[in-house]
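So the structure is just underneath, and the comments pick up after that.
The values are calculated or read from the model by the stated rules, or taken from the named source; none is laboratory data. Computed from a predicted structure; not experimentally measured. Backbone-built Cβ (ideal geometry, glycine too); neighbour counts: all protein chains shown. With ligands, DNA and RNA removed, areas are computed over all heavy atoms of the protein, side chains included. Shrake-Rupley method; radii C 1.70, N 1.55, O 1.52, S 1.80 Å.
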Amino acid sequence: MNDTATPSEEVTGNIARACKIARRDIDEVTLIAVSKTHPAGAIEPLLEQGHRVFGENRVQEAQDKWPKLSERYPDSELHLIGQLQSNKADDAVALFDCIHALDRPSLVKALAKAMDKQGTQVPCFVQVNIGEEDQKGGCLPAELPALLKQVRSADIPLAGLMCIPPFEIEPAPFFAFLRKLADDNGVAGLSMGMSSDYETAIMLGATHIRVGTALFGQRSAPK
Ligand SMILES: *Cc1c(COP(=O)(O)O)cnc(C)c1O
């Protein structure tokens with residue numbers, strides 16, 4: 001890497017290199033710039049450079065930050081990457097272009113109802129708790145087929161599967177497992193890979209990578 005590259009040039013370069021190694025077309029990989037905790041002023045430079053796809057993990061924070069930015073950049077695209085409570089489904093459907101953490105039957109119902117009411121369809125990724133960890137969101141791999149069936153019959157557009165592998169161990173086997181689950185269940189998209197592992201995720205088939213720290217720097221600790 002050369003010293004003068006901006007963080008976004010560096011990430012874009014790494015994506016291109018991973019795609020080349022994996023013999024994938026760069027257009028198959030969407031970079032979601034995860035702007036959670038960062039103020040509008042930190043997001044604008046990326047928008048000015050032409051980046052359009054962003055991720056937030058809290059409905060309230062996104063409601064505070066994004067309407068103004070979206071007004072100025074109407075073609076910007078906002079993804080909800082964090083857990084969603086069913087009572088926020090209406091707000092999420094109104095604000096976001098894509099939802100990444102659909103992980104339980106009650107949320108399928110709440111989102112279907114919200115979409116119906118607002119006459120809109122928001123593509124959703126079904127989150128899988130790929131390491132079967134107690135504290136993590138996502139459905140268990142064994143529950144996936146039934147949940148997908150429910151999503152499909154509720155007419156929610158299925159964008160793909162999403163996972164957050166266990167921290168601090170090699171993520172590749174988990175990415176490979178998510179891809180196998182997607183193949184087995186006829187699902188196309190794969191939302192996987194963060195700042196520390198997006199190149200690995202690309203080599204294992206990611207279609208959407210969610211990168212925060214590598215673009216925006218460290219987040220301050222949550223208050
Ligand atoms: C915060 C977050 C990211 C981005 O993490 P970085 O390590 O900062 O790139 C990706 N996915 C989810 C679900 C997140 O909450």
Before anything else, pin down the relative contact order of the range 149-217: Cα pairs under 8 Å, at least 6 apart, normalised by residue count, whole percent.
27
Could you state the accessible area per residue of the range 85-223 in Å², with a 1.4 Å probe and every protein chain left in place?
48
Starting from the Cα of Ser196, step 7 Å toward the Cβ, then list every residue of the range 129-143 with an amide N under 20 Å from that point.
129-138
Theoretical FRET efficiency, 1/(1+(r/R0)^6), r = Cβ-Cβ of Ala94 and Asp184, R0 25 Å, to 0.05
0.15
Report, in listed order, any pair from Lys113/Lys136; Lys65/Lys180; Lys20/Lys136; Lys88/Lys149; Lys68/Lys136; Lys65/Lys149 with a Cα-Cα distance greater than 28 Å.
Lys65/Lys180; Lys20/Lys136; Lys68/Lys136; Lys65/Lys149
So for the range 30-208, averaging the separation of alpha carbon pairs under 8 Å that are six or more residues apart and normalising by length, what relative contact order in percent results?
15
Can you give the Rg to Rh ratio of the chain, both from alpha-carbon atoms, with Rh computed by the Kirkwood formula?
0.95
How fast does the range 1-105 diffuse by Stokes-Einstein, in µm²/s, taking the Kirkwood radius from C-alpha pairs at 4 °C and 1.567 mPa s?
85
Carbon and sulfur together cover what percent of the accessible area of the chain at a 1.4 Å probe radius?
50
